[in-house]
Every structure is written in C-alpha cells, then in structure tokens.
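No lab work stands behind these numbers, since they all come straight from the coordinates. None of the values given here were measured: they were computed from a predicted structure. Here the Cβ positions follow ideal geometry from the backbone for every residue, glycine too, while neighbour counts run over all protein chains shown.
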Amino acid sequence: MAAGDKRALDSLVPLLYPELKRLARSYMRGEQTGHTLQPTALVHEAYARMIKQDHPDYRSRAHFMGVAAQIMRQILIDHARTRKAEKRGGGVVDLSLEEADAVSIARPVSIIAVDDALAELAKKDAIKAQLIEMRFFGGMTAEESAEVLNLPVHEVRRHLRVGQAWLQRELQLGEVEKNS
C-alpha cells in the first residue's frame, strides 16, 4: 500500500475483513461474557483508528494484520481501563451485596497487567515486545514476523522465546505481589 493512500486502505479492508473478524473473535473469546464490545464493533473501531493514521504504509498482508492486531488490542485495553475506572467509582451504580459479589473485574485487570508488562518489555527490548504482540495478538507466524521486521526466522524465534519467558516471569511476579 502506498504511503498516505487511504483509498488503498479502503480497498484492502474488504479483502481482509474475514481475517480481521477472525482476529476480533479470537480476542473476544478471552473476554468476559456480557462484554459490551462485539467482534464486528471491534473491527469497525480498529478500521476507524487505522483510517485516522497520517501515513499508512503497509508493506504486506502480514504487516497490515500486525498493525490491526495492535490497534484491536489497544481498543480492548482502553475499554478495560475505562471499566476498571468505573468499578472504582467513575460510573457509580447501586448494587446489592449479591449483585456486587457476582461482578468480576479479573479479566480487565489481567489484560491491563499484560499491557503494562508489554510496555515495560518495550522499554527494555522493543523487538521482543513487538514480536510477542505480532505473534499472540496478531496471530502472525515467525516467518510472517520475520518478513515484516526483515529479520532471520531463527532470530525471531529466539527473541520470542526470551520475550515470552520474561513476560511470564513479570506476570507471575505481579500476581505474587498482588496476593501478598
């Protein structure tokens, strides 16, 4: 896609819409039942954000899907942060004790924890954070990621192993601290 050509984005989205929808459904499977966002709305919101970018320059289908995955993840993070703020009094709602007991904020907190850990990893090693995002949020293979980042596949796999181990350790440490 040519840099800055938003018409190219308009022609690309219908071709990749089924993949975008599959990606959104995979994100939504991990969300709580009753989530206010639906896969179609997630795809449409991602498209709206992509169209607002100044100079889209997607080098390949894999690169486009990686960017779309990153934007969808950010939409869900923003949504989770808003819900978390509302749970802490931003949108006060009267609930009985039984209703309050049934309300769970575990999922928004966990997605926020992953986002925070990825942001920390990005400060230390941007490539590892980007590769984890491409793999686990974009569903990209090591080969597709290697193509997008112009890296050898064996190096991508090494970065992913190290990045995953670091991320898992950080999330476990965060869980231990939270429970202490």
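So what are the ³J(HN,Hα) numbers for region 140-145, from phi and the Karplus equation (6.51, -1.76, 1.60; θ = phi - 60°), rounded to whole Hz, Gly and Pro as x?
7, 7, 4, 5, 5, 5
Tabulate in residue order the Karplus-calculated ³J(HN,Hα) for region 111-122, using 6.51 cos²θ - 1.76 cosθ + 1.60 with θ = phi - 60°, rounded to whole Hz; enter x for Gly and Pro.
With coefficients 6.51, -1.76 and 1.60, one gets 5, 5, 4, 5, 4, 4, 5, 5, 5, 5, 4, 4 Hz.
Calculate, in nm to one decimal, what Val162 and Ser110 gain on full extension: separation in residues at 0.36 nm each, minus their alpha carbon distance.
Stretched out fully, the Val162 to Ser110 stretch lengthens by 16.6 nm.
Non-local amide H neighbours of Met140 (under 5 Å, H modeled in plane, Pro and chain starts lacking H): which ones?
Distant-sequence amide H within range of Met140: Arg135.
Of Ser11, Ser145, how do they rank once you tally other Cβ atoms within 10 Å and put the fewest first?
By the 10 Å Cβ count, ascending, the order reads Ser11, Ser145.
Can you give the extra length, in nm with one decimal, that the chain gains between Arg22 and Arg61 once fully stretched, where that is 0.36 nm per residue apart less the Cα-Cα distance?
Contour length minus Cα-Cα distance gives 12.6 nm.
So how far apart, in nm, are the two label points at Gln74 and Ile51 if each is 7 Å from Cα heading toward Cβ?
1.7
For a Förster distance of 25 Å, can you work out the FRET efficiency between the beta-carbons of Lys6 and Arg29, rounded to the nearest 0.05?
0.20
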